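Nothing in this text is a laboratory measurement; each read-out follows from the coordinates by a stated rule. Only a predicted model underlies this, so the values are computations on that prediction, with no experimental measurement involved. For neighbour counting, all protein chains shown are included, and Cβ atoms are generated from backbone atoms with ideal geometry for every residue, glycine included.
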Amino acid sequence: MPIPWLESSPTASNVRYVVDREAVGALVLAITIPLLFVHERFQPTYVLELGTTSVDVRLSDAAIIAVVVVALATAVRIGISRLRPGRFLWISGLALLLWLAFGTLRPASLDDARFDDHLVSFLKLCEYALVAVAVPLLVRRTSDLNIVVGSTVVWAGVASSVALIQFFGIDIFEASRAGWRYPSFLGRHDLAALSVLAASLGAAGIVVGRRRVPVPRLALIGTVAGVLGLVLAGSVTAAAGLAVGAATLALASRRRYAPSARQLLALVAMVGVVAVGVTAVRSAALNDFLQFVGIRDEDEAQGVESYSQRTVLAYIGLRIFQDNPILGVGWQRSSRPEVFEPYVPDARERFPDVVDLAFPAEGREWGIQNLYIQMLADAGVIGIFLLLAVGAAGLVLAWRTAAYAPNPWAGGTGLLVLCALMALAGVWASLGVVAGIPLQAATCLLLGLAAAGAATVEEETGG
């Protein structure tokens, strides 16, 4: 089978293969995928001392630097015209980072005892955001797309396989079976994010046909790995996001591909398997939540239940936003005791049946654990508007790609990104603003693929 990133060079007596120069960027990006999707605990770390604070430099940071360097070299060589179709994405993304920079450096934040940590976290957010800008420069041809998507699906298969081994009771990568959820070598939210990428390729293959997506031989593997990983990660919000993403994918493909009833039924079945599997994995937590909202008879509370705690934290976050609606309280300051403690007594009165440990306190800075509510609390209405603008820009670029790009770009970037972005939006609803994690890497990779697909549309149509 011919290898897409190698080209043949005939000689007198044999065929010599050399690396295709144009594929180097995609190869570097593909090699970084496994490094970006590994939990920080399992990465070698170098501690860099900077004055009174220290910065942990990990292998994933080196991988991003390599991607950025290759992207810069590519930009020097071929220009930055491929970035132009994604200009609204870049403008909204830059505006969001500038607004968060203001929140990081405003007087209240500068006086915060954890200012150094917050600053490092913001810089990590910016570092990972560079992946999105690099992708359109490195993924320019169908073979490039095959390399990157193939690497992602294969690594998702490895991650799901490890989670399956943990399911059978083999304790590797410090697995914790609390709630019968399995983290693989990532963590539960991050395993869900990587699995979403693989499952979205499978979903696109179901709707448009496997031959119309990148690396068609891996489409089935993507489906199995994605479904298995989502179930073992046990993320209810990821399962809900996948359902919305699959519906968006079906709607976007309706005019161009006219999927049959059988194809749509297969898509529904895939989503249904994930929903049933996640429900089984999280049955105890869901039962506790139904008791919390009064749908089932309540047993005496013994410990922290995730959904009731998330409700409490969300309530506190909304109260913080109510008192700071425009500017918010500053980057990641909603988790600081001096910020949230004034709202805890009211939360206790409103939720008297929730155990004490679920409420935040000094030494128990749980955070808000919801990206959107935390953005409201930390950055106000301006911050949430800019965040949603970034997401909307990515979805618009993906929709345009799905409608007008040639195959396999339409399925491998357009439909895949539409489904996966909606699913990741669900994952972010169960996690706060955490920078430099695989979930952010997945989000930035998808935004970059959306811009790459839009650039391909412009090249094919002439503008």
Once Lys and Arg get +1 and Asp and Glu get -1 on their Cβ, which of VAL69, LEU449, ALA403 lies farthest toward the positive end of the dipole of the chain?
ALA403
For the range 338-457, diffusion coefficient by Stokes-Einstein and Kirkwood Rh (Cα), 37 °C, 0.692 mPa s, µm²/s:
200 µm²/s
Using the Cα centre as the reference, give the magnitude of the dipole from point charges on the C-beta atoms of the range 152-268 (Lys, Arg: +1; Asp, Glu: -1; all else neutral), rounded to the nearest 20 debye.
720 debye
Which listed residue (PHE115, ASN146, ILE170) has the Cα farthest towards the positive end of the charge dipole for the range 114-251, taking +1 on Lys and Arg C-beta and -1 on Asp and Glu C-beta about the Cα centre?
ASN146
Excluding PRO85 itself, calculate the net charge of residues whose Cβ lies under 13 Å from the Cβ of PRO85, where each Lys or Arg counts +1 and each Asp or Glu counts -1.
+2
Please state the equivalent ellipsoid semi-axes for the range 20-73: what are the square roots of 5 times the Cα gyration tensor eigenvalues, largest first, in whole Å?
26, 14, 6
When a/c is below 1.5 the answer is rounded, else prolate if a/b is larger than b/c, else oblate, so apply that to the chain with a ≥ b ≥ c taken from the square roots of the Cα gyration tensor eigenvalues.
prolate
What is the dipole size for the range 331-438, taken about its Cα centre, with +1 at each Lys and Arg Cβ and -1 at each Asp and Glu Cβ, in debye to the nearest 20?
540 debye
Please label the shape of the range 418-463 as rounded, prolate or oblate, based on the square roots a ≥ b ≥ c of the eigenvalues of the alpha-carbon gyration tensor (a/c under 1.5 means rounded; beyond that, a/b larger than b/c means prolate, else oblate).
prolate
Can you tell me the orientation of helix 306-323 relative to the chain, as the angle in degrees between its alpha-carbon axis and the longest Cα principal axis, to the nearest 10?
80 degrees
Nearest 10 degrees, 0 to 90: what angle lies between the long axis of helix 24-36 and the longest principal axis of the chain (Cα atoms)?
30 degrees
Would you calculate a helix-derived [θ] at 222 nm for the chain, using -39,500 (n - 2.57) for each DSSP H run of n ≥ 4 and dividing by the full residue count, to the nearest 500?
-21500 deg cm²/dmol
Along the range 255-262, what does the Karplus equation 6.51 cos²θ - 1.76 cosθ + 1.60 (θ = phi - 60°) give for ³J(HN,Hα), rounded to whole Hz, x for Gly and Pro?
6, 7, 10, 6, x, 6, 4, 5
For SER109, what is the net charge nearby, where nearby means another residue's Cβ is under 14 Å from its Cβ and Lys, Arg count +1, Asp, Glu -1?
-2
Positive end of the dipole of the chain, charges at C-beta (+1 Lys, Arg; -1 Asp, Glu), about the Cα centre: which of LEU313, LEU439, SER253 has its Cα farthest in that direction?
SER253
Calc'd 3J(HN,Hα), the range 436-450, phi into Karplus 6.51 cos²θ - 1.76 cosθ + 1.60 (θ = phi - 60°), Hz, glycine/Pro = x, comes to x, 10, x, 4, 5, 4, 4, 5, 5, 4, 5, 4, x, 5, 4
Assuming a ≥ b ≥ c are the square roots of the Cα gyration tensor eigenvalues, decide whether the range 129-272 counts as rounded (a/c under 1.5), prolate (otherwise, with a/b larger than b/c) or oblate.
oblate
Roughly how far apart, in whole Å, are the Cα centres of the range 134-207 and the range 355-424?
19 Å
Suppose R0 equals 35 Å; then what is the FRET efficiency for ALA62 and VAL381 from their Cβ-Cβ distance, rounded to the nearest 0.05?
0.40
Evaluated over the range 89-207, the Cα radius of gyration and Dmax, each in Å:
19.1, 54
Computed for the chain: size of charge dipole around the Cα centre, +1 on C-beta of each Lys and Arg, -1 on C-beta of each Asp and Glu, debye to nearest 20, value 2240 debye
